[in-house]
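The block underneath contains the structure these notes are about, expressed in structure tokens.
The values are calculated or read from the model by the stated rules, or taken from the named source; none is laboratory data. Just so you know, these numbers come straight off a predicted model, no measurement behind them. Backbone-built Cβ (ideal geometry, glycine too); neighbour counts: all protein chains shown.
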Amino acid sequence: MAPDPHDHPVPAGTVVEPDPRARFIGPDLVAGGQPWRLLRLPAASRAALERWRAGVPVAPGEGALARVMLERGLVHPRVGGPLPLDDVDVVVPTRGGSAALAGLLDALRGISVTVVDDGSHDPGLAATCAAAGAALVTLERHEGPSAARNAGVAATARPVVAFVDDDVILADPADALGRLRAALEDPRLGAVAPRVVGPAGPGLRAGYEHRHGALDQGASPALVDPRGPVTFVPSACLLVRREALGTGFDPTLPIGEDVDLVWRVLDAGWLVRYLPAVVIAHPARPTWRAWWRQRRVYGLTSAPLAERHGERLAPIRADRFTLAAWGGLLAGSPSLGASVFARALERARRGPLAGVEHPERAALVVVGGNVARAAGPLARALVRTYGIGLLAATLHPRLRRRALAVLAVGLAARLRGSRVQPLDVPLALLDDLAYGLGVLEGAVRHRSLLALTPRTTPSPSWAEVLGLAP
């Protein structure tokens with residue numbers, strides 16, 4: 001299990017940066033974090049947060065507050081320069097040695113690297129590893145990437161394990177891995193991952209992957225949380241404390257094993273951080289058929305993951321007020337949505353916001369913001385999982401406008417934050433259709449509707465997480 005956060009206040013002198021989505025609502029309420037939450041802060045705590053926003057390091061006596069803010073995603077530590085990798089073992093699973101492996105191993109020269117051959121028995125692999133000074137572990141038969149990574153863990157002993165796929169492009173491994181290693185100086189952090197993008201290159205597919213790759217989690221730092229904006233990080237490049245690995249990757253999962261591992265690390269009480277300041281490249285599939293199949297397989301993972309992690313795989317997860325407000329609008333009943341919104345305002349004003357200054361205004365900002373923020377993610381979830389149904393709805397004259405509106409909002413949420421080319425829009429739709437078909441196929445194969453069933457939280461998220469920061 002992870003160390004207790006109360007035993008590890010943030011050290012004085014640490015520079016923390018408020019999350020760009022965090023903001024004050026009134027004199028003593030701050031909203032933001034991952035997942036979104038609302039906190040009431042004493043005046044001294046607000047003053048400290050304002051100083052941190054200006055770049056002032058954490059002062060003596062502020063460590064406990066900084067820890068609370070950090071654990072709730074309202075601030076992020078500013079990670080310094082790269083640390084030496086003397087306590088890091090790099091594990092590279094491969095099958096037959098990809099064309100990029102020799103270049104990766106050459107870039108990793110001078111770092112402890114263990115290559116695991118997943119049952120290919122490629123006679124040239126030993127020479128490739130020897131030339132780069134990497135150790136080689138050979139599995140007798142093909143067992144999959146999870147088993148290969150686990151074999152690499154068993155063959156090494158350093159306290160930090162860096163999992164790197166054999167086709168990852170690391171221009172400066174000492175800098176990229178060293179900065180990720182620096183993030184692990186936080187004793188509460190069990191794992192950290194960089195931003196993963198497709199390498200820039202000619203061609204429609206390469207350009208789309210560079211701008212909107214499936215593994216790209218965006219430009220904003222975040223704590224990984226199944227309820228937040230960054231729900232997982234991929235194992236293409238992932239640094240994990242050995243003590244946080246538990247039983248390692250699940251070899252019964254042919255894909256989606258990284259999601260499962262990261263969530264089990266979270267369940268053990270560790271933090272997992274997404275650090276987009278470090279960017280690595282991971283090539284796209286070489287053909288359109290392989291690209292489509294990859295996206296479909298991503299969807300196939302939903303059903304087996306849902307069997308392990310339940311509601312975390314729900315395609316839509318929101319409080320009942322938000323769902324009712326937007327559902328009424330989509331159903332063609334704006335009055336229903338307005339009625340639900342008014343009831344939520346009254347409940348907030350008389351309940352958790354009753355003791356704050358100007359509760360009516362605070363309720364309008366909080367509830368209205370909560371409903372507005374949900375529009376993009378809800379439409380995105382509908383397009384990604386139920387895209388085929390939305391396309392079918394466009395053929396119905398009474399449903400066409402609403403279905404097209406959901407498609408437009410959902411695709412806009414998918415493509416925001418980067419330069420969009422005209423052909424990115426149909427490619428993003430194909431991307432989501434492939435994933436949605438995979439989810440449907442997985443549900444049929446596993447005879448389970450868990451990954452297709454929306455879930456509602458029992459109360460609005462703004463009330464559910466309201467608390468007082470110490």
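Things to note:
- Tally, over the range 321-354, of residues that are not small (Gly, Ala, Ser) and not in a helix (DSSP H, G or I): 2
- Count - residues of the range 381-408 that are over 24 Å from Ala344 (Cα atoms) and either within 23 Å of the chain's Cα centre (by Cα) or assigned to a helix (DSSP H, G or I) (or both): 19
- Some residue of the range 319-332 being at pLDDT 90 or above, within 33 Å of the chain's Cα centre (by Cα) and among the polar types (S, T, N, Q): no
- Verdict on Ala318 being in contact (Cβ under 8 Å) with a residue 24 or more places away in the chain, within 26 Å of Pro194 (Cα to Cα), among the aliphatic types (A, V, I, L, M) and not in a helix (DSSP H, G or I): no
- Hey, Leu433 assigned to a helix (DSSP H, G or I), buried (at least 20 other Cβ atoms within 10 Å of the Cβ) and modelled with pLDDT of 95 or more or not: yes
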